[in-house]
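K.L.:
Before we start, here is the structure in question, set down as structure tokens.
The values are calculated or read from the model by the stated rules, or taken from the named source; none is laboratory data. All of these numbers come straight from a predicted model, not from anything done at the bench. Neighbour counts are summed over all protein chains in view; Cβ atoms, including those assigned to glycine, are modelled from backbone coordinates with ideal geometry. The accessibility values were calculated without ligands, DNA or RNA, using every heavy atom of the protein model including side chains. Shrake-Rupley method; radii C 1.70, N 1.55, O 1.52, S 1.80 Å.
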Amino acid sequence: MSIVRKRNAAPKAYIPANARDNQYILAEFTLTDQLLSQLPTHINSDGNINYYACYQAIADLLFTLSNNNTITNSILVANDKLVRVRYSQEMHQWQTKQQIIFYYDPQQHVLQNSFFDANNRAKKITLVFLASGTDIRAGAADFHQRVKTLLGEFSEQIKLPLNAIRMRDHQHLTYDIFAKNKGCNASQAHKFRPIAQRYASQDVKLAENISSITYAIVDLTLDHRISGLVDIDSASTDPYNPLYTYLTDTFSLVAKRFNLNNGALIANGLVPLVRHSLHDLVSKVGELQMLGYNPKQSPCGIVSKWQADTLVDNVQLIFVANSQNGEEQNYAKFVNQIEQAMRLFATELEIPTEKDELTLRFHQHVAFNLS
């Protein structure tokens, strides 16, 4: 068999043509005393430091460099909140105690803004870059390189060591697994290659010390019909234990059926945060459910977290890839296995797929310190 045929024989996943692409890059660095001494500050009448001039100086530089590098969406976040980005036809921001979430449409919206409290010194500064355009995935390497160039100029101008900046490239692709059941017959083929591999094909080389993680989250709306699949005793102290047990058992069954051995079911109202970690980690941090995985280790099995006395609106089903799921080639087989598992899951739960959505969001992340 020829080399060309071998390459073409790589697995492919066929996803709906109306799938949505997102890419955003975070650049994080600590606001040290040394860095602060390079920036303007102001002393209030009460003797406390006002950081408005400091944050504004960083924001002004960020926006100027963004314009010079044709980056239309850039944001300064200096309130120590976790940044998350999601697609929406309407641009807006939503803040909680621990998070700041940006909703936007890459094909329409333009944003330059800053979020900070002038009276508080942030532990770290986060620069947020949102990709824009009509073909996010194809242009991801170019966007990554433009942001990297900008950060080199940024560090030089504020006298910040380049290796003090942690760059995080986040990409996700979102679609309804049952879009075809609703009339979307057009599809597009994806190999879901690792980010480093995709970038290398466009002459963009990533650092050797990158950490990467690949995973998928499926959102399941917990409606009355699903709740009615089991007997719930409202007088009990843990009335929803049978429901969550049933969902966990079904999820575990279909996941193992298709050799998906690294995952979690989150039904406790917390936001799951999947991160690369040298050691498997499951912990609750405020409104976040932390899930740490090492893709190079053996799968750790299925984790399930719920509150038996509370009925949530949404359950998240999480599948985490390890090195055996395609790191050397691609993740198309991994995505196909997830879809097969979710089709069986939908059958078991009798989900009306011609009406209800089962949304899959496929995530690929890489992170490294600049050098």
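K.L.:
Could you work out the equivalent-ellipsoid semi-axes for region 206-286, taking the square root of 5 times each eigenvalue of the Cα gyration tensor, largest first, in whole Å?
P.N.:
Those come to 31, 16, 11 Å.
K.L.:
Within region 158-211, list the trypsin sites (Lys or Arg not before Pro) lying in a DSSP loop whose Cβ has at most 14 other Cβ atoms in a 10 Å radius.
P.N.:
For trypsin sites (Lys or Arg not before Pro) across region 158-211 that sit outside H, G, I, E and B with at most 14 neighbouring Cβ atoms in 10 Å, the list reads K159, K205.
K.L.:
A further question on this structure: When the convex hull of the C-alpha atoms of region 1-102 is computed, what volume per residue in Å³ does it have?
P.N.:
Given the Cα convex hull of region 1-102, per-residue volume reads 222 Å³.
K.L.:
In terms of the ratio Rg/(2.2 N^0.38 Å) built on C-alpha atoms, what value belongs to region 241-371?
P.N.:
Output field value: 1.09.
K.L.:
Return the single residue from N294, N185, N44 with maximal mean-square fluctuation; model: Gaussian network over the chain, springs between Cα atoms under 10 Å.
P.N.:
The residue that fluctuates most here is N44.
K.L.:
Provide, in order from the shortest bin, the percent of all Cα-Cα pairs of region 61-162 in each 10 Å bin, continuing until the bin that contains the maximum pair distance.
P.N.:
Bin by bin from 0 Å, the calculated values are 14, 44, 35, 7, 0.
K.L.:
Between Y51 and residues 5 or more places away or on another chain, which pairs have amide H atoms under 5 Å apart, with H built 1.01 Å from N, and which residues are they?
P.N.:
The list, which skips near neighbours in sequence, is N119, N120.
K.L.:
Quick one: what are the phi-derived ³J(HN,Hα) couplings along region 43-59, Karplus 6.51/-1.76/1.60 with θ = phi - 60°, whole Hz, x for glycine and proline?
P.N.:
9, 5, 4, 8, x, 7, 7, 9, 9, 4, 4, 5, 5, 5, 5, 5, 4
K.L.:
Computed from these coordinates, which is Cα extents along the principal axes in Å: [x] 78, 50, 42; [y] 66, 64, 39; [z] 54, 54, 42?
P.N.:
Looking at Cα extents along the principal axes in Å for this model, the match is [y].
K.L.:
Ordered by residue, what ³J(HN,Hα) values in Hz, to whole numbers, does region 160-165 give under the Karplus form 6.51 cos²θ - 1.76 cosθ + 1.60, where θ = phi - 60° and Gly and Pro are x?
P.N.:
So the J values, rounded to whole Hz, are 9, x, 4, 6, 7, 9.
K.L.:
For the ranges 85-93, 243-251, what's the packing order if you count other beta-carbon atoms within 10 Å of each residue, average per peptide, and put the highest first?
P.N.:
Working: 85-93: 13.6, 243-251: 19.3.
Order by mean packing, descending: 243-251, 85-93.
K.L.:
If you average the alpha carbon positions of region 132-169 and of region 179-227, how far apart do those two centres end up, in angstrom?
P.N.:
Rounded to whole Å, the Cα centres lie 22 Å apart.
K.L.:
Right, another one. Could you give the spread of the C-alpha atoms of region 162-299 along their three principal axes, from largest to smallest, in whole angstroms?
P.N.:
Each principal axis gives a Cα extent; for region 162-299 these are 61, 42, 26 Å.
K.L.:
On to the next question. Please work out the ratio of the alpha-carbon Rg of region 138-243 to 2.2 N^0.38 Å and round it to two decimals.
P.N.:
On the way: Rg = 22.7 Å, N = 106, 2.2 N^0.38 = 12.9 Å.
This ratio for region 138-243 stands at 1.75.
K.L.:
If you don't mind, another one. If I compute solvent accessible area with a 1.4 Å probe over the protein chains, what percent of it on region 123-229 is carbon and sulfur?
P.N.:
In region 123-229, the share of accessible area belonging to carbon and sulfur is 47 percent.
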